[in-house]
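What follows is calculated from the coordinates using simple rules that are stated; it is not laboratory data. All values reported here derive from a predicted model rather than from experimental measurement. FYI the Cβ positions are ideal-geometry reconstructions off the backbone, even for glycines, and counts take in every protein chain you see.
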Amino acid sequence: MIGNRITHRTADGVRIPGTWRHVFIRNGQYHLTDLFIYADGLIDCWGLVTIEEFEEKLHTGWVATSLPEGAEASAFELAHWKFREPQSRYTPELLLAEVRDTIDQLSGRPDSTGRCLAAVDAFLADRTEENRDAARAAFLAIPESQRRYALGDMDRKDAPLRVLVAGPGGQTYLSFDGTVTQEAYDSALAYFEERTGWEAERSRHVPADGPVDSHAPAVHIVQTFPRKPVDDPGRVGLRNDYPAPIIVGGAGYLSVAHAYWALSVAQPEVRGAIATAETALEARKLAAEAPRSEGWEHVRTAVMTRLLRAKYDQHPELAEILLATDDATVIYDDMDSAFWGDNAGRGRNWTGRLLELVRSELHLQQTEILGLWPHQALPPRPC
C-alpha cells in the first residue's frame with residue numbers, strides 16, 4: 001500500500017514517482033532502514049536494483065525477512081539492540097509479492113487485487129467452473145497479508161470473496177471457515193449483486209468542483225535565452241525573459257524579467273539601468289550586485305503575479321499561446337532559481353504555478369461567469 005508515503009527520484013530529468021516502507025538489511029548486523037520502490041520497477045535497498053535483483057537480495061538475506069535470536073540490530077544512529085524472541089510475519093515470497101503490487105500501483109496498472117476483482121467480474125457475468133477456478137487462482141495470488149482488504153469493506157473483510165471463489169461445498173483458504181454451505185454462497189452472491197449497485201452509483205458520481213487532474217498533457221517550458229521577439233515564438237513566448245515589453249506603474253520594461261529584477265532592488269537609481277539592460281541575463285546580474293528591497297522575499301510572488309498579468313493583458317498574441325495550453329500543468333525551468341523553476345523536480349515551480357493562475361483568469365474573461373461580478377468584470381488587478 002502506498003498511502004501517504006510519496007516520494008520520487010529524478011532520472012534524465014524525468015520525475016519517477018515512488019514510495020517507501022521499512023525493512024531490515026543485513027550488512028554485518030541488521031539495519032532497520034527504508035526500502036524505496038519506484039514506478040519504473042527499480043528498488044533502492046542501499047543501491048538501485050531491478051525486481052529480479054531484488055528477489056535475489058531477498059533470497060540471499062541482504063533484505064532480511066527472518067531475524068535470528070540474539071542478532072545485533074540498529075536504526076541508523078538512533079538505537080542499537082539485540083533480538084530476543086523475534087517474530088516476523090514476512091517470507092521472501094510475501095515481501096516480493098507486496099513489492100510487485102506496489103510497483104503496479106505506482107505505474108497505474110492493476111495490482112493483484114485489481115486482477116482478482118476483474119476475474120470475479122468475469123465469473124459473475126458467466127458462472128462457469130472454469131471462470132470460478134480463474135477467480136480463485138487470482139484471489140490466492142493476492143499476497144496473504146492483503147487478501148482481507150481486497151473488497152475495501154472493513155466490516156465484511158474478504159469473507160464474501162473467499163466464499164464466492166470456493167463455491168458451494170468447497171473449502172476456503174482459511175481452515176476455520178469449514179465447508180461452504182449453499183446458504184453462505186447465496187449470501188455471498190447477494191453481497192456482490194449489491195456491491196455492483198454501489199459501484200454503479202459511485203461511477204455516476206461527479207465531483208461538485210470538477211476533475212482533480214488536468215486532462216491536457218503537462219507543458220514543459222525549457223530554459224532558453226531569447227534575445228529578440230519573433231513572429232511566432234511558440235511557448236518560448238511564455239518565458240519571463242522573452243522580450244515582450246510591458247508597462248507597469250507608469251514605467252516601461254523590456255520583459256517580465258527586466259521588471260522583476262528592477263523592482264527587486266532598493267536603489268531607485270539602479271532600477272533604470274536594470275529596466276533597459278540589453279538582456280534579461282544582464283538585468284539579473286545588475287540586480288545581484290545591488291541591495292535587495294526590504295522584505296522582498298515576502299512580496300516577490302505577488303509582484304510576479306502582477307507582472308505576468310500585465311504581460312498577457314498587453315500582449316494578446318502571447319495570451320493566446322498561454323490559453324492554448326488548456327488546463328495542462330506548466331513545468332517551468334529556471335537554472336538560476338529553484339524557487340521559480342521546477343528544475344527536474346528539485347524546484348518549487350512558482351513561475352509555472354502563476355502561469356496557470358493567469359491562464360485561468362484569461363479563461364474567465366472568455367466566459368459568461370464574468371457577468372456575475374457586480375459592478376466590474378474582475379476583481380481589481382493593480383499593476
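Each label was represented as a point 7 Å from its Cα along the Cα-to-Cβ direction; for Leu364 and Ser175 these points are 6.7 nm apart.
Simple spin-label estimate for His8 and Ala118 gives 2.7 nm between the two label positions (7 Å along the Cα-to-Cβ direction from each Cα). When you count the other C-beta atoms within 10 angstrom of each residue and take the mean per peptide, 320-329, 271-280 line up highest first as 271-280, 320-329.
Sequentially through the range 192-197, phi angles give Karplus couplings (6.51, -1.76, 1.60; θ = phi - 60°) of 5, 5, 5, 4, 4, x Hz, Gly and Pro residues having no value and appearing as x. For Phe192 and Ala218, the FRET efficiency from 1/(1 + (r/R0)^6), where r spans their Cβ atoms and R0 equals 45 Å, is about 0.70. Angle check, please: helix 129-140 long axis (alpha carbons) against the longest principal axis of the chain (alpha carbons), in degrees 0 to 90, nearest 10. For helix 129-140, the angle is close to 70 degrees. Annotation: amide H-H contacts under 5 Å for Thr7 (H modelled 1.01 Å from N, sequence separation of 5 or more, or interchain): Gly18, Thr19.
Mean residue ellipticity, 222 nm, helices only, the chain: the sum of -39500 (n - 2.57) across DSSP H runs of n ≥ 4, divided by residue count and rounded to 500, is -12500 deg cm²/dmol.
Distance between the pseudo-spin-label points of Met154 and Gln87 (7 Å out from Cα toward the beta carbon): 2.3 nm. Classified by the C-alpha gyration tensor, the range 99-196 has a prolate form. Its axis ratio a/c, with a ≥ b ≥ c, is 1.5 or above, and a/b is larger than b/c.
Once you have the Cα-Cα distance between His22 and Arg109, take 0.36 nm times their residue separation minus that, and quote the gain in nm to one decimal.
On the way: separation 87, 0.36 × 87 = 31.32 nm, distance 2.35 nm.
Here the answer is 29.0 nm.
Sequentially through the range 91-104, phi angles give Karplus couplings (6.51, -1.76, 1.60; θ = phi - 60°) of 10, x, 5, 5, 5, 4, 5, 5, 5, 4, 4, 5, 4, 4 Hz, Gly and Pro residues having no value and appearing as x.
Only lysine pairs 8 or more places apart or on separate chains count here, and in the chain those with Cα atoms under 30 Å apart total 4. Backbone geometry of the range 25-39 corresponds, through the Karplus equation with coefficients 6.51, -1.76 and 1.60 at θ = phi - 60°, to 3J(HN,Hα) couplings of 10, 9, 10, x, 9, 9, 10, 7, 8, 9, 9, 9, 10, 10, 4 Hz, x marking Gly and Pro. For Tyr30, nonlocal amide neighbours, meaning residues 5 or more places apart or on other chains whose placed amide H falls under 5 Å from its own, are Glu72, Ala73, Ser74. Each part reduced to its alpha carbon centroid, the range 258-278 and the range 19-69 end up 54 Å apart. Stretched out straight at 0.36 nm per residue, the stretch from Asp40 to Lys285 would grow longer than its current Cα-Cα span by 84.1 nm.
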